1. Go through the range 144-179 and count every residue that is assigned to a loop (DSSP other than H, G, I, E, B), within 19 Å of VAL91 (Cβ to Cβ) and in contact (Cβ under 8 Å) with a residue 60 or more places away in the chain.
2. How many of the residues in the range 385-403 are surrounded by fewer than 24 Cβ atoms within 10 Å (Cβ to Cβ), touching an Asp or Glu at 6+ places or on another chain (Cβ under 7 Å) and closer than 16 Å to GLY478 by Cα?
3. If you take the residues of the range 12-64 that are out of contact with any helix residue (DSSP H, G or I) (no Cβ under 6 Å at 6 or more places or on another chain), more than 16 Å from LEU109 (Cβ to Cβ) and of a type in the set (Gly, Ala, Ser), which of them is surrounded by the most Cβ atoms within 10 Å (Cβ to Cβ)?
4. Which condition does GLY348 not pass, out of (1) surrounded by fewer than 24 Cβ atoms within 10 Å (Cβ to Cβ); (2) of a type outside the set (Val, Ile, Thr); (3) out of contact with any Leu (no Cβ under 8 Å at 6 or more places or on another chain), if it passes all the others?
5. For the range 263-277, what are the residues that are assigned to a strand (DSSP E or B) and surrounded by 14 or more Cβ atoms within 10 Å (Cβ to Cβ)?
6. In the set ALA347, ALA323, which member is small (Gly, Ala, Ser) and farther than 23 Å from HIS128 by Cα?
7. Only one of these is under 22 Å from the mean Cα position of the chain (by Cα) and farther than 22 Å from ALA189 by Cβ: GLY68, GLY27. Name it.
8. Of everything in the range 416-472, what is part of a strand (DSSP E or B) and under 22 Å from the mean Cα position of the chain (by Cα)? Give them in sequence order.
Amino acid sequence: MIDPAKTDFVTMNIIESSMISICREMGITLMKTSYSTIFNEALDFTCAIASPQGEMWAVAEFCPAQIGGMPLIIRSSLEEIPLESIEPGDVLVHNDPYRGGLHTPEHTLFCPVFVDDQLVAFTVAIGHVAEVGGMVPGGFASEATEIFHEGIRVPPVKIKKRGEDVEEVWKLWLANVRTPRYNYGDMRALISGVEVGSARMAETVKKYGTNAFNSICADLMDYSEARMRAEIQEIPDGRYVFDDFMDNDGVTEEEIRIHVECHVQDDEIVVDFDGSSPQVPGPINATLGVTWSAAYNAVLHLTDPSIPKNSGCFRPIRVLAPAGTIVNVDYPAPEVGGNTETHPRIAGTVIGALARAKPDRAMACEGGTHLNFVFGGEDKKNGEYFACYDIELVGWGATPSGDGNDATDAINGNCRVIPVEVFETRYPWLTEQFSLVPDSGGAGRTRGGLGTQKTLRCLDAEITASQLSDRHVNRAYGLNGGGEGQPGATLFRKAGTDDWKPMTEAFGKASSSKWSNIKIRPGDSVRFVMAGGGGMGPVTERDPQSVQEDILEGYITPETAKAVYGYTAEGDD
C-alpha cells in the first residue's frame, strides 16, 4: 500500500497503464470467446473501467462510438438499481436507448469490483449484439418508424446475481431473438470479459490500497482535464459554425440538417446543435448519449492524442442538444441508425466548424458510413437460423500532412472488416469482387482516401437482407479548396440478368441506402460501393510525382489525372 498523500506522476501513469491493460485483456477475452463475427472478427465493442458513480477512469483502444456516452449509461442504470443493492458476483445488462443507451443492438454489461466488502469500481463492456429481434434480421430496421420495430429493449437488470445466472432474464431475452445460440454465446463472452476485468481490478486496488487508488484516479481525471483545457486554450476564442446533411431517413426523401455552433472561450468549448433538423420518422435519430460521444470524438481528433481518455477530458466540453431533434430524439421514435450513421455526421460537423480555428489539426470529411448490411436465413448445412451484421470501409479525409487513409472504418467505428474467407465459410455468399474504388477520394494538394467496393453472389439459401447507410447523395466535404469525395451506391442484379439496378428501382424502395426485408435468392448478386474521403488544398498544389504514383497504384485513373490535375504521362498525347 502507498500513502495517498505521497502519490506522484509516475505512480499515476503506472496505475493508468495497468487499468488500460486490464481493459485490453477484457477485450481479448470477449473476442476469443464470442460466437458472432461482429465480435470475434470486426471487434465492435468497447471495454472500460468506471468509478462507482459512473465516471470513466480508463478505456482500451476498441470502438470509440461508445466511450463518450458510457458515463450516462452507468448513471442512468444506477437510478434504477441503487448502489446499495449491488453485491459481489452481480452482472448488470442494459440496452435501452431511452434509458441512456446508444442504440438497441448495443448491450452494456457492468460488473462490480469489491475490495474488503467495499464497492470500488465497475468493469464495463459495451458490445454490438448482431441479432436483437425486431422487424428485420440483424437489428438495422431501416424502415422502422418507432422504437418497437427495432428489437427487444432490456432495462437495467441483473443477468447474474451473486455469481448465479438469473434464469428468468436469460429466458425472456433469448425468446425474443432469431439466433438464441449465438446470442447466448456472445452474452457469455461479454460476461466473461467484465468478470475477468473485475478480478484483475480487485488485485490492482488491493496492491495500492483503496484510499490511495481512489485518490490517484481522481488525480488522473484532474490531470486529463488540465491537459484538455490547455489544448482548448490554444484555439482562438470565437464562434465557429458548420452544417452538413444526411441523405434521407429511409422513410421520406427529405435530407436532414446537422447544424453546429462551437463557442470557444478561454479553456472551454460549448458545442451547440440548436438549429439541427427536428427528429425524423425514420431510424437515424440520435440519442443524447450518441451526440455526447460524437462531440467528444470530434474534439479528441483535434487535440493531443496522448491525453488520457477518461471522464476528466470531457469536463471542459459542454454539449447542447435540443430535445425532439435529430441529435436528441424523444420517445418512441426509432433511432438504431443514430449510433452508426448520425454519429459520424455529427462528429464531422464539429470538425468542420473547428477546422477554421485549427486548420493544422483538422482532416477533411471521411466517408462517414458503416454500410450496416444485415441479413439472415436458414443455414442449409444444419437447419439453424443465421444472422450477420456486416460493415464495409470508407476513405478518410485528407490531412495537411498527407493523403487520407484508404479502406478504413468510419470515425466512430475503429472496427475491422470480416475477412472474405471467414465470411464465405460462415454465410452462403460468394465474394466475386473486393477492391478499392479508383477516383473515389476527393482531389486536392493531399488526396482523400479511397472507399471499398464488394460484390456478393447468393449461393444456396434465401436471404432476408436490409441496409442502413448514407452518403449516396451528400458527399464528404473537402477543406481549404479540396474536392469532395465520391458518393457510395448499392446495386442489385437478379439471377440470369446482366442489369445492375439501385434498390429504388429493383425493389421500389424510398432510399437507395436505407431499405429493409428484401429477399435475395440463389444466383442474385448485390454490389456495395463505399464513399471516399474529402481532399485538402488546391489541386494545382499537388506534387506531380504523387499524381504519377496514384496512377501506377490504381488509386486514380489516367483520365482523372488529366481532367482534374492536368497531369499527362510522358509520351502521352
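1. The number of residues fulfilling the criteria is 5.
2. Number of matching residues: 1.
3. Going through the qualifying residues, I end up with ALA42.
4. Result: GLY348 passes all but (1).
5. HIS263, VAL264, GLU268, ILE269, VAL270, VAL271, ASP272
6. Details: ALA347 fails: farther than 23 Å from HIS128 by Cα.
After ruling out the rest, the residue left standing is ALA323.
7. Just a single option satisfies the conditions, and that option is GLY68.
8. Within the range 416-472, LEU436, THR452, GLN453, LYS454, ALA465, SER466, GLN467, LEU468 qualify.
The values are calculated or read from the model by the stated rules, or taken from the named source; none is laboratory data. Note that this is a predicted model, so its numbers are computed, not measured. Note that we place each Cβ from the backbone using ideal geometry, even for glycine, and neighbour counts take in every protein chain shown. With ligands, DNA and RNA removed, areas are computed over all heavy atoms of the protein, side chains included. Shrake-Rupley method; radii C 1.70, N 1.55, O 1.52, S 1.80 Å.
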